[in-house]
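Visitor: Let me give you the structure first, and then I'll get to my questions.
The values are calculated or read from the model by the stated rules, or taken from the named source; none is laboratory data. Small disclaimer: the values here were computed from a predicted structure and weren't measured. Counting neighbours? That spans all protein chains shown, and the Cβs are built from the backbone with ideal geometry, glycine included. All accessible areas refer to the heavy atoms of the entire protein, side chains included, with ligands and DNA or RNA removed. Shrake-Rupley method; radii C 1.70, N 1.55, O 1.52, S 1.80 Å.
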Amino acid sequence: MGGFGSGRRSNRPTTDDCLRINLSTLKQLGMLQRHCMDRRERVWSQYGQTTARLTLVTDVHCLEASPCLRITGRAFGKVINCVVWLEEQPLPYGGERWYALCPRTGRRCTALVLPPGQTHFASVKGWNVAYGSQRECPIHRGHRAIEKAKARRKALSKYTRKPTRERLLDREIERWVFVEEEIDKIAQMVF
């Protein structure tokens, strides 16, 4: 009844197994500018092997009447050739936020995923893909939080104030304590 390793199992892929295209990353790369067309090559690799080699072409009111993202190439051994329509939403203080219209649900999303074995990108909800953290045990979730805190602390500017650095270090220590407590709980259940 709720012991270690119990729970629902599934063969469904998680977002960690999928290829992911984030629209905020495309905007940072300068691919979502008005009246422009941009092309980038992206390569994904997993376990030291190339999983996908894709060409991303954004057309924002240049040749197409509506903004779109064309994705072509090979992924997971299959040919990928899909078009995802984009939509911009003006922000109250200037600028805009970009959304992709999911081909499967028709709803707006900010990230597109491609599960293994599929040939077109859609939203996480469109593919009904679970997030990787939903299937992790508390110990693995704690380790993921520790790595995230370390990366954030490492990326700080040298001008970051001492209280901020200490707060991030305290957060990392709290995660370590949590992981140790979970390991002790499992050790007590075994013996």
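Visitor: Of all residues in segment 16-65 being touching a residue at least 60 places away in the same chain (Cβ under 8 Å) and basic (Lys, Arg), which is nearest to ARG144 (Cα to Cα)?
Guide: ARG20
Visitor: Here's a follow-up. Out of everything in segment 80-124 that is among the β-branched types (Val, Ile, Thr) and free of Cβ contacts under 8 Å to residues at least 60 places away in the same chain, what residue ends up being nearest to ARG53 (Cα to Cα)? Show your work before the answer.
Guide: Here is the first cut: in segment 80-124, the residues among the β-branched types (Val, Ile, Thr) are 80, 83-84, 105, 110, 113, 119, 124.
Next, from what is left, pick out any that are free of Cβ contacts under 8 Å to residues at least 60 places away in the same chain: 80, 83-84, 105, 119.
Values: ILE80: 10, VAL83: 16, VAL84: 18, THR105: 26, THR119: 13 Å.
The extreme case among them is ILE80.
Visitor: Just wondering, is there one or more residues in segment 145-161 that are more than 26 Å from the chain's Cα centre (by Cα) and among the polar types (S, T, N, Q)?
Guide: Filtering segment 145-161 for residues more than 26 Å from the chain's Cα centre (by Cα) gives 158-161.
This time we only want the ones that are among the polar types (S, T, N, Q), so: 160.
Within segment 145-161 (the criterion being more than 26 Å from the chain's Cα centre (by Cα) and among the polar types (S, T, N, Q)), the answer is yes, since at least one residue qualifies.
Visitor: From (1) assigned to a strand (DSSP E or B); (2) in contact with a Pro (Cβ under 9 Å, 6 or more places away or on another chain), pick out the condition that doesn't hold for PRO116.
Guide: Status for PRO116: all satisfied but (1).
Visitor: Going through segment 130-152 one residue at a time, which ones are of a type outside the set (A, V, I, L, M, F, W, C) and either touching a Cys at 6+ places or on another chain (Cβ under 9 Å) or within 18 Å of ILE186 (Cβ to Cβ) (or both)?
Guide: Initially, segment 130-152 is screened for residues of a type outside the set (A, V, I, L, M, F, W, C), giving 131-136, 138, 140-144, 147-148, 150, 152.
If the condition is that a residue be of a type outside the set (A, V, I, L, M, F, W, C) and either touching a Cys at 6+ places or on another chain (Cβ under 9 Å) or within 18 Å of ILE186 (Cβ to Cβ) (or both), then ARG135, GLU136, PRO138, HIS140, ARG141, GLY142, HIS143, ARG144 are the ones that fit.
Visitor: Another question about this same structure. Pick from TYR47, TYR99: which is on the phi > 0 side of the Ramachandran plot and under 18 Å from the mean Cα position of the chain (by Cα)? Steps first, please.
Guide: On the way: TYR99 fails: on the phi > 0 side of the Ramachandran plot.
Checking each option against the conditions leaves just TYR47.
Visitor: Where residues in segment 23-52 are of a type in the set (S, T, N, Q) and touching a Ser or Thr at 6+ places or on another chain (Cβ under 9 Å), which of them is nearest to ARG97 (Cα to Cα)? Don't jump to the end; show me each part of the working.
Guide: Start the filter on segment 23-52 by keeping residues that are of a type in the set (S, T, N, Q), which leaves 24-25, 28, 33, 45-46, 49-51.
Add one more test, that the residue is touching a Ser or Thr at 6+ places or on another chain (Cβ under 9 Å), and what stays is 24, 33, 45, 51.
Working: SER24: 8, GLN33: 11, SER45: 29, THR51: 30 Å.
So the residue we want is SER24.
Visitor: Among residues belonging to segment 90-113 that are part of a loop (DSSP other than H, G, I, E, B) and within 22 Å of ARG74 (Cα to Cα), point out the one that is most open to solvent (accessible area, probe 1.4 Å).
Guide: Keep residues of segment 90-113 that are part of a loop (DSSP other than H, G, I, E, B), which gives 91-95, 102-107, 110.
When the remaining residues are screened for being within 22 Å of ARG74 (Cα to Cα), the result is 102-104.
Details: CYS102: 6, PRO103: 71, ARG104: 123 Å².
Going through the qualifying residues, I end up with ARG104.
Visitor: Would you check which residues across segment 128-172 are more than 30 Å from ARG107 (Cβ to Cβ), open to solvent by less than 70 Å² (accessible area, probe 1.4 Å) and not in a helix (DSSP H, G or I) and list them?
Guide: Selection gives CYS137, LEU156, SER157, THR160.
Visitor: So in segment 31-44, with the set limited to residues that are of a type outside the set (A, V, I, L, M, F, W, C) and under 19 Å from the mean Cα position of the chain (by Cα), which one is nearest to PHE76 (Cα to Cα)? Reasoning before the result, please.
Guide: In the first step, residues of segment 31-44 are kept if they are of a type outside the set (A, V, I, L, M, F, W, C); the result is 33-35, 38-42.
Adding the requirement that they be under 19 Å from the mean Cα position of the chain (by Cα) leaves 40-42.
Working: ARG40: 19, GLU41: 16, ARG42: 14 Å.
By that ranking, first place goes to ARG42.
Visitor: Considering TYR93, TYR131, which residue is of a type outside the set (A, V, I, L, M) and more than 19 Å from the chain's Cα centre (by Cα)? It would help to see each step written out before you state the result.
Guide: On the way: TYR131 fails: more than 19 Å from the chain's Cα centre (by Cα).
Of the residues listed, the single one that is of a type outside the set (A, V, I, L, M) and more than 19 Å from the chain's Cα centre (by Cα) is TYR93.
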